[in-house]
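To keep things clear, I will list the structure first and then write my remarks on it.
The values are calculated or read from the model by the stated rules, or taken from the named source; none is laboratory data. Nothing here was measured: the structure is a model prediction, and the numbers come from that model. Using ideal geometry, Cβ is built from the backbone for each residue, glycine included, and neighbour counts are taken over all protein chains shown. Please note that ligands, DNA and RNA were not included when accessible areas were found on the heavy atoms of the full protein model with its side chains. Shrake-Rupley method; radii C 1.70, N 1.55, O 1.52, S 1.80 Å.
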2 protein chains.
Amino acid sequence: MHITSERLLDDGVVERDLTLGGTTGLLWTAGAAPAPLILVGHPGGLRTMYPRVAGRARYYAREHGFHAAALELPGAGDRPPRPGADEARADLRRALEAREPVDEIVDRLVLPLVDEAVPEARAALDELLALPEMEGRVGCDGGVLAIGLRLALVDPRVRAAVLFAGSFVPRQVVEECRRLTVPVQLLLQWDDEWNDRQAALDVFDAIGSAEKTLHANLGGHTGVPAYELAQAGDFFVRHLR
Amino acid sequence: MHITSERLLDDGVVERDLTLGGTTGLLWTAGAAPAPLILVGHPGGLRTMYPRVAGRARYYAREHGFHAAALELPGAGDRPPRPGADEARADLRRALEAREPVDEIVDRLVLPLVDEAVPEARAALDELLALPEMEGRVGCDGGVLAIGLRLALVDPRVRAAVLFAGSFVPRQVVEECRRLTVPVQLLLQWDDEWNDRQAALDVFDAIGSAEKTLHANLGGHTGVPAYELAQAGDFFVRHLR
């Protein structure tokens with residue numbers, strides 16, 4: 001892991017640019033005391049998503065003393081595009097407009113991303129959790145739903161996950177999440193213009209965890225109400241402290 | 001309004017037994033300072049439901065300084081049974097077991113209860129809100145869903161409602177709640193053995209309020225997780241303070 005730059009933000013949180021495990025990322029630390037790490041997700045393109053990702057990360061650090069990190073996804077930002085992704089994305093758009101089934105296209109688009117992003121995130125966690133201020137436990141926060149579900153399933157360091165409901169979850173990952181055991185809080189935008197509500201409810205239904213909560217709010221894809229951030233914080237405190 | 005008994009509880013909350021507006025009730029006050037009132041609902045039978053109702057009421061008083069009240073419902077507790085209710089209840093049980101449609105029976109069972117309970121609750125609110133420690137705003141918390149929806153629609157003193165999702169909502173009340181404007185937080189038990197999940201989701205969908213949130217949790221009818229009480233408290237603080 002290399003720290004390429006570092007700054008002290010006005011809320012006392014230290015923000016660092018990193019290269020680690022074959023990707024780039026950001027780390028926000030709340031202090032030197034050992035604390036859990038929140039991995040803040042995004043749809044890819046960390047530079048564009050920075051305000052939203054940093055807002056969540058700094059909230060967790062400031063309010064609860066958690067550290068937070070975000071990683072660039074395969075094929076996003078300055079990284080080379082993933083083979084076949086552009087074509088699959090165009091196929092998905094066409095199928096959605098024509099109201100045709102999308103399962104096969106979602107598998108083709110999202111499954112290779114999950115297969116690549118999850119081992120990469122785990123390698124990054126190996127490096128991040130070696131830092132002296134890391135307590136060892138990890139919470140997943142948002143990002144690509146299928147990546148969060150797979151990571152929470154396969155990595156025992158992940159103890160809790162706040163995820164954003166989407167309907168573009170490969171069938172294999174939906175099946176896998178029946179074996180999930182970590183507590184999950186799933187946010188669903190009731191009028192999400194990009195995701196199918198019933199498919200998202202089906203994903204919630206499939207999650208095997210004994211503690212799972214769905215928070216559905218009125219509004220479109222980007223309209224998650226501000227108060228959900230505080231409830232995500234409370235959820236992480238409940239499960240990581 | 002008559003206070004028939006009064007006691008100071010060990011958390012400093014004062015609990016009073018009341019007769020008011022043709023029914024009986026309980027009032028919990030958190031102090032002399034003017035504060036909003038939370039009306040804590042229940043399915044009827046306040047004596048049986050006391051531990052659960054008093055637990056919620058005292059939490060709101062202790063944690064947030066809200067006053068709280070609960071009212072006996074028409075036909076419940078020591079009150080005379082409502083005409084036709086026993087028969088309708090038996091019909092409902094039969095229809096549910098036979099997996100037959102229940103809309104007509106729900107209308108026959110629940111609509112007269114709503115028509116009687118809501119004016120009664122409003123009359124009780126008139127008396128309660130005349131007390132010097134009442135600030136004027138009211139939050140509805142739980143109880144019979146159709147009563148909460150109607151009360152939140154017709155009484156402008158109700159500014160926020162935390163409701164427990166059920167599927168036994170008369171069709172007229174589902175239609176009415178498209179005109180609702182107060183913020184609603186709806187709790188749904190995902191595996192509720194007494195309520196139909198899709199019908200409950202349809203009620204959530206019908207609610208017209210610009211701020212509405214569904215909290216769905218794994219578990220059966222009586223398995224609402226303890227942390228939902230804190231989230232209900234935060235919701236009332238957001239809207240009543």
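Would you pick out the residues in region A:134-147 that are open to solvent by 20 Å² or more (accessible area, probe 1.4 Å) and among the small types (Gly, Ala, Ser)?
The answer is A:GLY136, A:GLY143.
Could you count how many residues in region B:214-238 are of a type outside the set (Phe, Trp, Tyr), crowded, with 18+ Cβ neighbours inside 10 Å, outside any loop (DSSP other than H, G, I, E, B) and within 11 Å of chain A (Cβ to nearest Cβ)? Break it down stepwise before answering.
Within region B:214-238, the subset of a type outside the set (Phe, Trp, Tyr) is B:214-226, B:228-234, B:237-238.
When the remaining residues are screened for being crowded, with 18+ Cβ neighbours inside 10 Å, the result is B:214-218, B:224, B:231-233.
Restricting the remaining residues to those that are outside any loop (DSSP other than H, G, I, E, B) gives B:214-217, B:231-233.
Subset that is within 11 Å of chain A (Cβ to nearest Cβ): B:214-217, B:231.
Adding up the residues that qualify gives 5.
In this structure, is A:ALA33 open to solvent by less than 30 Å² (accessible area, probe 1.4 Å) and not in a strand (DSSP E or B)?
Numbers: open to solvent by less than 30 Å² (accessible area, probe 1.4 Å): no; not in a strand (DSSP E or B): yes.
It is false that A:ALA33 is open to solvent by less than 30 Å² (accessible area, probe 1.4 Å) and not in a strand (DSSP E or B).
Under 7 Å between Cβ atoms, which residue pairs at least 6 apart in sequence (or on different chains) link something in region B:75-91 that is assigned to a helix (DSSP H, G or I) with a partner that is open to solvent by less than 30 Å² (accessible area, probe 1.4 Å)?
B:ALA85/B:LEU109; B:ALA88/B:ILE105; B:ALA88/B:LEU109; B:ARG89/B:LEU109; B:ASP91/B:ILE105
Select, from B:LEU149, B:LEU153, the only residue that is in contact with an Asp or Glu (Cβ under 6 Å, 6 or more places away or on another chain) and in a helix (DSSP H, G or I). Explain how you work it out, then say what you get.
Details: B:LEU149 fails: in contact with an Asp or Glu (Cβ under 6 Å, 6 or more places away or on another chain).
Going through B:LEU149, B:LEU153 in turn, just one is in contact with an Asp or Glu (Cβ under 6 Å, 6 or more places away or on another chain) and in a helix (DSSP H, G or I): B:LEU153.
Run B:LEU131 past the list (1) away from chain A (no Cβ under 14 Å); (2) surrounded by 23 or more Cβ atoms within 10 Å (Cβ to Cβ) and report the number of the one that doesn't hold.
(2)
Criterion first (in a loop (DSSP other than H, G, I, E, B) and not hydrophobic (A, V, I, L, M, F, W, C)) does B:PRO112 satisfy it? Walk me through how you get there before you give the answer.
Working: in a loop (DSSP other than H, G, I, E, B): no; not hydrophobic (A, V, I, L, M, F, W, C): yes.
No, not satisfied.
For A:ARG179, state whether it is open to solvent by 60 Å² or more (accessible area, probe 1.4 Å), of a type outside the set (Val, Ile, Thr), at pLDDT 95 or above and touching a helix residue (DSSP H, G or I) at 6+ places or on another chain (Cβ under 7 Å).
yes
Please find, among B:LEU20, B:LEU73, B:LEU26, the residue that is buried (at least 23 other Cβ atoms within 10 Å of the Cβ) and either within 17 Å of the chain's Cα centre (by Cα) or aliphatic (A, V, I, L, M) (or both).
Numbers: B:LEU20 fails: buried (at least 23 other Cβ atoms within 10 Å of the Cβ); B:LEU26 fails: buried (at least 23 other Cβ atoms within 10 Å of the Cβ).
Being buried (at least 23 other Cβ atoms within 10 Å of the Cβ) and either within 17 Å of the chain's Cα centre (by Cα) or aliphatic (A, V, I, L, M) (or both) holds for just one of B:LEU20, B:LEU73, B:LEU26, which is B:LEU73.
Could you run through region B:92-109 and say how many residues are outside any helix (DSSP H, G or I) and open to solvent by 90 Å² or more (accessible area, probe 1.4 Å)?
As a first pass, look at region B:92-109 and keep what is outside any helix (DSSP H, G or I): B:98-102.
From what is left, the residues that are open to solvent by 90 Å² or more (accessible area, probe 1.4 Å) are B:99-101.
Residues in region B:92-109 being outside any helix (DSSP H, G or I) and open to solvent by 90 Å² or more (accessible area, probe 1.4 Å): 3 in total.
Of everything in region B:188-212, what is more than 10 Å from chain A (Cβ to nearest Cβ), crowded, with 19+ Cβ neighbours inside 10 Å and either assigned to a helix (DSSP H, G or I) or not polar (S, T, N, Q) (or both)? Give them in sequence order.
Of everything in region B:188-212, those that are more than 10 Å from chain A (Cβ to nearest Cβ), crowded, with 19+ Cβ neighbours inside 10 Å and either assigned to a helix (DSSP H, G or I) or not polar (S, T, N, Q) (or both) turn out to be B:ASP192, B:ALA200, B:VAL203.
Could you grab me the full set of residues in region B:120-170 that are under 11 Å from B:VAL184 (Cα atoms) and of a type in the set (Asp, Glu)?
Once the filter is applied, which keeps residues that are under 11 Å from B:VAL184 (Cα atoms) and of a type in the set (Asp, Glu), region B:120-170 yields only B:ASP141.
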